[in-house]
Structure formats: C-alpha cells, structure tokens
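Just below is one structure, and these are the notes that go with it.
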Amino acid sequence: MNNFLELCEKRQSCRSFDETKSVEHEKLVKMVEAARLAPSACNSQPWSFVVIETPELVAEVASACQQLGFNKFTKNANAFILIQEEPAKLLEAAAKLCGSQYYAQHDMGTAVVTLCYEAAEQGLGTCIMGMYDREKMAELLKIPATKRLGLMLAVGYPKSEGAREKKRKSIEEIARFV
C-alpha cells in the first residue's frame, strides 16, 4: 500500500482537463468499485452512480453543469459521475431515533471522496460540483423525478502534472487533542 498522506497531498480539484485524452472505461469502473467499498452508517450504502462517458452526452452534461456561469471548465472534462441519493436502510432503532435518511448525505460525501482518491491514484483529476441544472440533468440522463440528485464529479486527465500548493488551516486551528 502506498502512503495515503502522499495521495491526499496529490489529490486536488482539477479545473483544467486535457480534452484530447479520454478516460478509459476501466478506470471509471475502478473508481466506482472503490466508492462501493466506502463506509456508510449501518452499511446502508444510500447511493448510486450514473457514469457519463459517451462523448456526445458528456458535452451535454458539461453544458448542464454551467448553470449561472459556474463550472465553465467542464467543457474539457472527459467524463462525469453523478451521485444519487438512495433510500438508506438503517438499523430500526437508529432510524426511529433520527430518521432513515439522516446520515445519507454524509455517506454520499464519503463515497464521493473515495471516488476522488481512486481517481488521483490512477492519475486522473476530479472536481466535485454541487451547482448544476438538476432538471436538465434528470432529463438528459433519464432520471425519474422521484430520485434525489447529489453531487456531480467532473473527471479527466489534468492538463498539467503536479499538485498546486495546498492552502489549508493549521492543525492547531482545526483540532484539539484531549
């Protein structure tokens, strides 16, 4: 196993994709396989993934991601993964206490992060997006109105290699050891 902290330093939000290099299907499958193994409350796995890799559909999805002028970089992404919220199956006592979907969005976030780390491990770049035209996306991907759409992940090969310097709070600002 490689050093996980090095992988954390390598992973970054990519907003400059090499549009000439397609993402291999096998790499997308491996990303979803990693996310499938992500932890979730009561092992409920309240997620499903729509992997968009067909070039014509990728272009339409990119356009739907550019709502209100955001996410213009998506025009060069080579693939997308949409994360959908699914019904969680918490243990009965937990569901009674806090509701069956209480942890679903947290669990989905964990799955998304896992997708991102597996992508980075394979030399791919990703960017997590919450802003996109959900109605247009549901229409493009033929998703029923009963489904709750979560985050969207742009995927591709970064145009340039090497990570930017990360600007993060210090450990002293975010943690208290007791």
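The values are calculated or read from the model by the stated rules, or taken from the named source; none is laboratory data. Model, not experiment: these values are computed from the prediction. Neighbour counts are summed over all protein chains in view; Cβ atoms, including those assigned to glycine, are modelled from backbone coordinates with ideal geometry.
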Enumeration of residues in segment 13-32 that are in a loop (DSSP other than H, G, I, E, B) and either surrounded by fewer than 18 Cβ atoms within 10 Å (Cβ to Cβ) or free of Cβ contacts under 8 Å to residues at least 24 places away in the same chain (or both)
R15, S16, D18, E19, T20, K21, S22, E24
Looking only at segment 94-118, count every residue that is closer than 16 Å to F49 by Cβ and either hydrophobic (A, V, I, L, M, F, W, C) or part of a loop (DSSP other than H, G, I, E, B) (or both) and tell me the total.
7
Among the residues of segment 33-85, count how many are assigned to a strand (DSSP E or B), touching a residue at least 60 places away in the same chain (Cβ under 8 Å) and polar (S, T, N, Q).
1
Can you name the number of the only condition in (1) in contact with a Pro (Cβ under 6 Å, 6 or more places away or on another chain); (2) modelled with pLDDT of 95 or more that A88 fails?
(2)
Those residues that are crowded, with 20+ Cβ neighbours inside 10 Å, over 22 Å from K72 (Cα atoms) and more than 11 Å from the chain's Cα centre (by Cα), I need them from segment 104-147; list them, please.
A104, D107
Can you tell me how many residues within segment 119-177 are under 28 Å from L7 (Cα atoms), aliphatic (A, V, I, L, M) and part of a loop (DSSP other than H, G, I, E, B)?
4
Meets criteria (free of Cβ contacts under 8 Å to residues at least 12 places away in the same chain and of a type in the set (G, A, S)) for A163
no
Out of curiosity, is A175 at pLDDT below 95 and more than 21 Å from K75 (Cβ to Cβ)?
no
